[in-house]
Amino acid sequence: MPSPENVLDVQQLVKHFPVRRSLLRRQTGAIKAVDGVDLQLRQGETLGLVGESGCGKSTLARLLMALERPTSGQVLFHGEDIHALSGSRLRALRRRIQIILQDPYTSLNPRMTVGDIVGEPFEIHRDAAPRGSKRTRVGELLEVVGLDPDHVNRYPHQFSGGQRQRIGIARALALRPEVVICDEPVSALDVSVQAQVINLLVSLQSEFSLSYVFIAHDLSVVRHVSDRVAVMYLGKIVETGSHAEIYDHAAHPYTQALLSAAPEPDPELRGQRSTIVLEGDVPSPADPPSGCHFRTRCWLAEPRCADEEPELTVRPGSEHPTACHFAAESPKVDH
Amino acid sequence: MSQLDIDRLSVEFRVRGQVIRAVDELSYSLSSGQTLVLLGESGSGKSVSALAVMGLLETPPAVITGGEIRFDGTDLLALSRKQARSFRGRRISMIFQDALSALNPVLSVGFQIAEMMRVHEGLSKADSRQRAIELMERVRIPAAAKRFGDYPHEFSGGMRQRIMIAMALALSPDFLIADEPTTALDVTVQAQIVALLGELRQETSMGMVLITHDLGLAADVADRIAVMYAGRIVEAAPAADLYRAPAHPYTAGLLASIPRASRKGHALLPIKGSPPSLAAVPSGCAFHPRCPMSTERCSIERPELRTLSDGRTSACHYAEEVSNALA
């Protein structure tokens, strides 16, 4: 349902990558990277997206950026389907949704100066900065992210990992976007530097009234920055709610297992917390289990789970939407 | 009960006329049955020190410039390569972060595990195969006998790490050095591997050196923790003491900077700046440019690692003030 406060509204989004074999390139199967996702991003909020590798979070990010065409479903930006746009209207849209990438080492061109990297968006969108104001704007952007504007002629290798991530952030902010997709923005950084970048992202959000989709596998980082959280498993959202609903009242067994598996930085809790150790690995998205995708690793699974796919909806066991037939807050997981 | 003592170990890299001191007078002791965590960020020297203990450093460019690595009193650095090799591999073994690149891609995993027993213990092909399957079962690889002939790429990341652990256990070592063994794994798989290592240590009373940058993982497994910064140990203490009252400003800064439930809605308290390059380590205390407590003395005089009144060690001129301020 398009609603005025939703900046992004994702409806039944599906992305299958075809698997082709043999000379005739017949399609023999599909990697179901994103398999029916519904999401809403509200104005000014941070939506945390957590899940393990291969669950489809990065493909979802590329779909939200219109870098990938969906197999079916829609991404509405202020009510307008972004995948139906082309030409100048698509270019205009790209200014309003930007991305910050994980690896500050490979996402910056080593042959370009910092000034060229941060100024490049203005080359592409000539009307974004009045003639002759590019240099000033680049200097302002560097200052905003805590870099010295005098370093505008340096190259990426002359900066540390944390500073490089700031360059990536400055580039993402250049065109004054409304939505920023943060795809694992701090996971390549040293622990002592992560906190600097997290604080920066939080303060930029209020300064520029940004809405964030914050993708990460580190649960404590997501808890810190997010207003709402969506948990993804094998191409589907299995549970979504406010940060308190997810972290303190998780009702889907996968969320409970994920939270209990994350180690707490306190040795005195050792042996006191109950840890759910899941069996096995995440199944291949080329051949996900029937019914509930999580059932092969779930300790609550019953025959019904193999036959009937649970919808993401509010259920008797919990006040926020979960995709589990047996959603319930207990067993209480301490984390 | 075996004992591993690292005593003032120093390692330098000599590249293009430049000398980079990656490990600087590192000392620690470990008895079998204990777990020591070496905690540090990238470039702190934790992995290089482990490779030095295992004799796996490439020389040149790496040179062990001083110190001793004693196994039950025998200094491995004073032995011939051949003599030292009977300790390494057999009595001390190691697992790595990236199991895919540590395993040979063109040999089956079963062959690689069995090879350990054939080379070191002279077992026959049939016997070593049997033992390898037992080891694969012990690290919970499903259908071990059937998967004996499979190649590394046919296993998932978590299963490959189990294969590495099986290889490391093949000769029943007294000590296991685990270098970021779960960093490349997802959190639910990490929990499986941590649980497995815990069980194996209970069964075998093996001593373990676990290298990590993860304060959560360290809290979960460590008996003692040694915190490294710019090639040196800056603080060492029993795990619970270290988290309760750190005695070095770097440790205190790390603990304050990680997001916790109680800090939700507040800004995090980061350490300013970034870890130094080992090619340009700051004078005096290497941490002084980032330290909120530093004085002029810190930029001139290097603080030695010293024992505090409660038996812990810290390399800070103001260690007592740090622990008092936080207590």
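May I ask what percent, to the nearest 5, of DSSP beta bridges between residues of segment B:57-215 are antiparallel?
Working: 2 of 12 bridges.
Of the beta bridges lying entirely in segment B:57-215, close to 15 percent run antiparallel.
To the nearest Å, what is the center-to-center distance of segment B:129-175 and segment A:233-297, using C-alpha atoms only?
26
Could you work out Rg/(2.2 N^0.38 Å) for segment A:175-282, with Rg from alpha carbons only? Provide the component values of the computation, followed by the final result.
On the way: Rg = 15.4 Å, N = 108, 2.2 N^0.38 = 13.0 Å.
Rounded to two decimals, the normalised Rg is 1.18.
Using the charge dipole of chain A (Lys, Arg: +1 at Cβ; Asp, Glu: -1 at Cβ; taken about the Cα centre), state which of A:Thr296, A:Gly241, A:Leu141 has its Cα farthest towards the positive end.
A:Leu141
Could you name the aspartates and glutamates whose alpha carbon sits less than 12 Å from that of A:Lys57, not counting residues in the same chain fewer than 8 places away?
Output for A:Lys57: A:Asp35, A:Asp183, A:Glu184.
So, with +1 on the Cβ of K and R and -1 on the Cβ of D and E, and no other charges, what is the size of the charge dipole of chain B about its Cα centre, to the nearest 20 debye?
540
Let me check I've understood the local charge: for A:Asp281, count other residues with C-beta under 10 angstrom from its C-beta, Lys and Arg +1, Asp and Glu -1. What total comes out?
Overall, the nearby charge balance is -2.
Would you please classify the overall shape of chain A from the alpha carbon gyration tensor, given that a ≥ b ≥ c denote the square roots of the eigenvalues, rounded means a/c under 1.5, and beyond that prolate means a/b larger than b/c while oblate covers the rest?
Values: a/c = 1.92, a/b = 1.47, b/c = 1.31.
Judged from the Cα gyration tensor, chain A comes out prolate (a/c at least 1.5, a/b above b/c).
Run through the DSSP bridge list for the protein assembly as shown and note the antiparallel percent, rounded to the nearest 5.
Numbers: 59 of 96 bridges.
Given both bridge residues lie in the protein assembly as shown, the antiparallel proportion sits at roughly 60 percent.
With just the Cα atoms defining each centre, how far is segment B:203-278 from segment B:18-64? Give it in Å.
Result: 17 Å between the Cα centres.
Net charge within 14 Å of B:Leu79 by Cβ-Cβ distance, Lys/Arg positive one each and Asp/Glu negative one each, not counting B:Leu79 itself?
It works out to a net charge of +4.
Looking at chain B only, what percent of DSSP beta bridges run antiparallel? Nearest 5 please.
60
In sequence order, what are the phi-derived ³J(HN,Hα) couplings for segment B:58-65 according to the Karplus relation 6.51 cos²θ - 1.76 cosθ + 1.60 with θ = phi - 60°, rounded to whole Hz, with x for glycine and proline?
After applying 6.51 cos²θ - 1.76 cosθ + 1.60, I find 8, 10, x, x, 7, 9, 7, 9 Hz.
When we measure straight from the Cα of B:Lys125, which lysines land under 19 angstrom away, once same-chain ones fewer than 8 places off are left out?
Those lysines meeting the cut-off are B:Lys146.
At q = 0.08, 0.10, 0.11 Å⁻¹, work out log10 I(q)/I(0) for the protein assembly as shown with the Debye formula, treating every Cα as an identical point scatterer and leaving solvent out; two decimals please.
Log10 I(q)/I(0), no solvent term: -0.68, -1.06, -1.26.
Using just the helices of chain B, give the 222 nm mean residue ellipticity in deg cm²/dmol: DSSP H runs with n ≥ 4 each add -39,500 (n - 2.57), and the total is spread over all residues, rounded to 500.
My calculation for chain B gives -10000 deg cm²/dmol from helical runs alone.
What list of ³J(HN,Hα) values in whole Hz, one per residue of segment B:171-186 in order, does the Karplus curve 6.51 cos²θ - 1.76 cosθ + 1.60 (θ = phi - 60°) give from phi, with Gly and Pro shown as x?
9, 6, x, 7, 9, 10, 9, 10, 9, 6, x, 10, 5, 8, 9, 5
Give, rounded to the nearest 20 debye, the magnitude of the charge dipole that segment B:238-314 has about its Cα centre when Lys and Arg contribute +1 at Cβ and Asp and Glu contribute -1 at Cβ.
So the dipole magnitude of segment B:238-314 works out to roughly 340 debye.
Which of the lysines could a cross-linker span from B:Lys272 if the Cα-Cα distance has to be under 26 Å and same-chain partners fewer than 8 positions apart are dropped?
B:Lys46, B:Lys264
Could you compute the net charge surrounding B:Ser42? Neighbours are other residues with a C-beta less than 14 Å from the C-beta of B:Ser42; K and R count +1, D and E count -1.
Once all neighbours under 14 Å are counted, the net charge is -4.
Under a 5 Å amide H to amide H cut-off, with H placed in plane at 1.01 Å, what residues pair with A:Ile181 once short-range neighbours are removed?
Residues meeting the amide H criterion: A:Gln98, A:Ile99, A:Ile100, A:Val213.
Suppose every K and R has +1 on its Cβ and every D and E has -1 on its Cβ; what is the size of the dipole of chain A about the Cα centre, in Debye to the nearest 20?
Dipole of chain A, to the nearest 20 debye: 1580 debye.
Using +1 at the Cβ of each Lys and Arg and -1 at the Cβ of each Asp and Glu in the protein assembly as shown, identify which of A:Ser22, B:Val119, B:Thr65 lies farthest towards the dipole's positive end.
My answer, from the dipole projection, is A:Ser22.
A short reminder: the numbers here are calculations on the coordinates, not readings from a lab. On a predicted model such as this, the values are computed, not experimentally measured, just so you know. Note: ideal-geometry Cβ built from the backbone for every residue, glycine included; neighbour counts use all protein chains shown.
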